[in-house]
Amino acid sequence: MLLESERLIIRDWNDSDLRPSRNMNADPHVMRYFPSVLSSAESDAFVERCKSKIGRDGFSLFPLELKESGKFKGTAGLSPPDYEKPLPFEPCVEIGWRSPVSSWRKGYGSEAARALLGFGFETLGLDEIVSFTATLNKRSARVMERIGLARYHDSDFMHPMIAEGDSLRPHIPYRMQRATWCQSAPCRIHVKQAYTSAIQERSPVRIPSESFSFGTSTIESDAE
Ligand SMILES: CC(C)(COP(=O)(O)OP(=O)(O)OC[C@H]1O[C@@H](n2cnc3c(N)ncnc32)[C@H](O)[C@@H]1OP(=O)(O)O)[C@@H](O)C(=O)NCCC(=O)NCCS
């Protein structure tokens, strides 16, 4: 297990995630703001790519599991964009999310994203995390705003991999800097205490839920 939030476990992939991932990625409603739905083979290949990036870098997109039922609730994670053509603000690390429609409007996307911001800033030590979405994708932009990302003013861009004239081409970028994440005194104090005691006790880092001004999360990592 990598991360735990109030209702979710954000963990490594296993074979039981393949089928719900295929269903999610084949749903035109979920994929409405992407160029196309994914076939089962494309969905499985996507999971394989995530697994190999996690093996190489320690992070990518992870499956979300609901604690109370063990059910798949989508994917979320951090990853450097790797399109054939660069985005205007690269190099960067992107935070992203995708859930089956049955899991929308329950707060899971934002809950996972808050935990991943904590992981990115506190465990990976990132200075900045960005996110971006097709301008039409208001639901995803609302997640970005809900978790405290700020819009890059005047930096809307045309996605270089989407054809001119396609309504999905205009994109809006958001970002958060480490200083913003850690600006609240409780966050700094709790994180420091959690790391200090974990190192002394040689146990996982458990950061109390009240640590974060943007939401609740518990970060687990190897204290050594
Ligand atoms: C993007 C996506 C994950 C957002 O889903 P979402 O349900 O709107 O966002 P969250 O999971 O954060 O849930 C927030 C909603 O749950 C509601 N909610 C219900 N119970 C809640 C709870 N216990 N806690 C928090 N929020 C709760 C909130 O009021 C909010 O609803 P609203 O936006 O209608 O006001 C989802 O739309 C999706 O997977 N889209 C397809 C893939 C995609 O576009 N990905 C992004 C590409 S850039």
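What follows draws every value from the coordinates through simple rules; no lab data is involved. Quantities reported herein were computed from a predicted structural model and do not represent experimental measurements. All Cβ positions, glycine included, derive from the backbone under ideal geometry; neighbour counts span all protein chains shown.
If we keep just the residues of the stretch 115-138 that are within 21 Å of E65 (Cα to Cα) and touching a helix residue (DSSP H, G or I) at 6+ places or on another chain (Cβ under 9 Å), which is nearest to the ligand (Cβ to nearest atom)?
It comes out as L117.
Return yes or no: is D154 more than 26 Å from I54 (Cα to Cα) and more than 13 Å from the ligand (Cβ to nearest atom)?
Here the answer is yes, as D154 does meet what is asked.
Tell me the residue from S16, S21, S60 that is more than 16 Å from the ligand (Cβ to nearest atom) and in contact with a strand residue (DSSP E or B) (Cβ under 8 Å, 6 or more places away or on another chain), please.
On inspection, the qualifying residue turns out to be S16.
Across the stretch 29-84, what is the number of residues that are part of a loop (DSSP other than H, G, I, E, B), under 27 Å from G118 (Cβ atoms) and among the charged types (D, E, K, R)?
4
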